[in-house]
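The values are calculated or read from the model by the stated rules, or taken from the named source; none is laboratory data. Only a predicted model underlies this, so the values are computations on that prediction, with no experimental measurement involved. Glycine also receives a Cβ, built like all others from the backbone with ideal geometry; neighbour counts cover every protein chain displayed.
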Amino acid sequence: MRWNQISENWKAFAPAILDRWPEAEEEDVLALDGSETALALYLSKVTGEQSRDTLAQIEDWRMGSFPADIAMDEFRDNENISQSGRNLGPGEDVSDRDDLFGDDEKVASPVGRR
């Protein structure tokens, strides 16, 4: 993840930060408002570790996968919809009705039966 993605979605990333560093307090993390330096200084204070070690931990955490709950956060809906166009075939549009391009008219088999 790039840091700008984290800072732009700071509220959504706060639970992931609190999971990784349980010593942190939610209101303090939210008050940092997406600053990587402020986060490192705060975490070094609450964990008692050197700030350079905390920065390395943040870097390791940042390089992890983009958490699904953040990717699907309601604040990212418009971005996710616009990016969904990458998965559409020729002639389809992200705003098109599903019934025109899906398998809505195909009768599904009952579960466990063929």
Looking only at helices (runs of 4 or more DSSP H) that fall completely inside segment 29-105, which ones have 3 or more residues that are out of contact with any Cys (no Cβ under 9 Å at 6 or more places or on another chain) and either modelled with pLDDT of 75 or more or loosely packed, with under 12 Cβ neighbours inside 10 Å (or both)?
36-47, 51-62, 77-83, 98-101
Within the set of pairs 6 or more residues apart or between chains, which connect a residue that is closer than 18 Å to S7 by Cβ inside segment 72-84 to a residue that is modelled with pLDDT of 70 or more with Cβ atoms less than 8 Å apart?
D73/N9; D73/A12; F75/N9; F75/K11; F75/A12; R76/N9; R76/A12
So which residues in segment 1-25 are within 11 Å of the chain's Cα centre (by Cα), in a loop (DSSP other than H, G, I, E, B) and modelled with pLDDT of 85 or more?
none
Would you pick out the residues in segment 12-46 that are over 28 Å from E74 (Cβ atoms) and in contact with a helix residue (DSSP H, G or I) (Cβ under 7 Å, 6 or more places away or on another chain)?
E23, A40, L41, S44
